[in-house]
């Protein structure tokens, strides 16, 4: 018992508090391997300037490179550049997609003057369709599901005519979607392929 | 093991308190140095959640913080967030700087990353207190945390495929396979 008592005090320390980068979610010292180094660096300078100085100062960079051989250094640099370029290209592509993609809200006639609302195009904005569908069902007290369209995309089908309320909901909860990107269409036929 | 991105979603189930006690006991058995902190990590009163992941992996978490994961009936392993909070509670080894980028992209950890200058294995002369493990070698099948040269926080955790003694002799082969590394699918998993 005496032995464990002397060992225990050295091990009972409070948990170490780790800061995780807001951009890449890794500890800031690993940001250089993520492909978003510049953004990570900016974020860190803005939120934790002391850490930023520690990690990104000139000596830190020199110390980290010195342990690698010259070849390894060059390879590491090339890889870092390639990763950054890839990450940038991806971002540009996403931004373009967001600007051009539209959310189409259709009101389709079911039978006997009943309607169904179909909402297509939400994945381009990074929304989890299942979660959104559930929310719609709860909010409008009606059935809602995720279905596949003929063209291979997915859309949310809500029973009843809720097209206007969907527009309002999108404006309230997801303000990043500009209003011009939302289109309301009326459909006379049953389940036709969406037109962009 | 978590190279692919994961979506958790709706299958969060409560863990029965008997199972919770069993998990607690298993964790203490595998990581004895976690004992003083076990109440902070796995409080008795709090409701533990179980999330099922693809590939027969179960993840135990507390509200939205991941705690431990387990593949089938293999050893139960802590999520790297837990390791970052209590680094001294685990056996550690260190990889040299050149290996970091490979580990962070999911490659298998090979022995040269540990035996080249910059790497640290227990029982080495330069290992010191942190990596010395009191001079004991680590065996096959032990769960070990992988640190990186020049970094404060761990970058990977996994099961040893080769004992550290063998590693020093052979200097070749696979060190750790199928681990959990920083930035993998499990790390990026959003539990809300």
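Nothing in this text is a laboratory measurement; each read-out follows from the coordinates by a stated rule. Note that the coordinates shown come from a computational prediction; the quantities given were computed from them, not determined experimentally. In this analysis, Cβ positions are derived from the backbone assuming ideal geometry, glycine residues included, and neighbour counts consider all displayed protein chains.
Going by average Cβ neighbours within 10 Å, how do the peptides B:41-52, B:109-120 rank, with the highest at the top? Please report the intermediate quantities before stating the final value.
Details: B:41-52: 14.9, B:109-120: 20.2.
Descending mean neighbour count gives B:109-120, B:41-52.
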remark   = Final fewest-first order of B:91, B:18 on the 10 Å Cβ neighbour count is B:18, B:91
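Determine the gain in length on full extension of the stretch residue A:82-residue A:175; use 0.36 nm per residue of separation and subtract their C-alpha separation, reporting nm with one decimal. Kindly include the intermediate steps, with their values, before the conclusion.
Details: separation 93, 0.36 × 93 = 33.48 nm, distance 3.38 nm.
Extending this stretch completely gives an extra 30.1 nm.
If R0 is 56 Å, what FRET efficiency do you get for residue A:54 and residue A:142 from their C-beta distance, rounded to 0.05? Write down the numbers at each step before the final one.
Working: r = 55 Å, r/R0 = 0.99.
Calculated transfer efficiency: 0.50.
Grab the beta carbon distance between residue A:161 and residue A:94, set R0 = 51 Å, and tell me the FRET efficiency rounded to 0.05. Could the numbers behind the result be given before it?
Working: r = 33 Å, r/R0 = 0.64.
Plugging the Cβ-Cβ distance into 1/(1 + (r/R0)^6) gives 0.95.
Other chains' Cβ within 10 Å of B:100-106 residues: what's the mean? Please report the intermediate quantities before stating the final value.
Numbers: counts 5, 8, 1, 1, 5, 3, 0.
Mean inter-chain Cβ contacts per residue within 10 Å come to 3.
Partner chain Cβ atoms within 10 Å, averaged over the residues of A:24-30 - can you pull that number for me? It would help to have the intermediate numbers written out before the result.
Working: counts 3, 5, 8, 8, 2, 6, 9.
The mean count of partner-chain Cβ atoms within 10 Å per residue comes to 6.
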inquiry  = Using only DSSP helix segments of four residues or longer, with each worth -39500 (n - 2.57), what per-residue ellipticity at 222 nm results for chain B after dividing by its residue count and rounding to 500?
reply    = -6000 deg cm²/dmol
task = May I ask you to compute the full-extension gain from residue A:129 to residue A:168, defined as 0.36 nm times their residue separation minus their alpha-carbon distance, rounded to one decimal in nm?
result = 12.3 nm
message = Taking the beta-carbon count within 10 Å as an exposure proxy, list B:1, B:156 from fewest neighbours to most.
response = B:1, B:156
inquiry  = Inside 10 Å of the C-beta atoms of A:13-20, what's the mean count of C-beta atoms belonging to other chains?
reply    = 5
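Could you give the length gained by full extension between residue B:171 and residue B:107, i.e. 0.36 nm per residue of separation minus their alpha carbon distance, to one decimal place? Don't jump to the answer; show the numbers that get you there.
Working: separation 64, 0.36 × 64 = 23.04 nm, distance 1.77 nm.
Stretched out fully, the residue B:171 to residue B:107 stretch lengthens by 21.3 nm.
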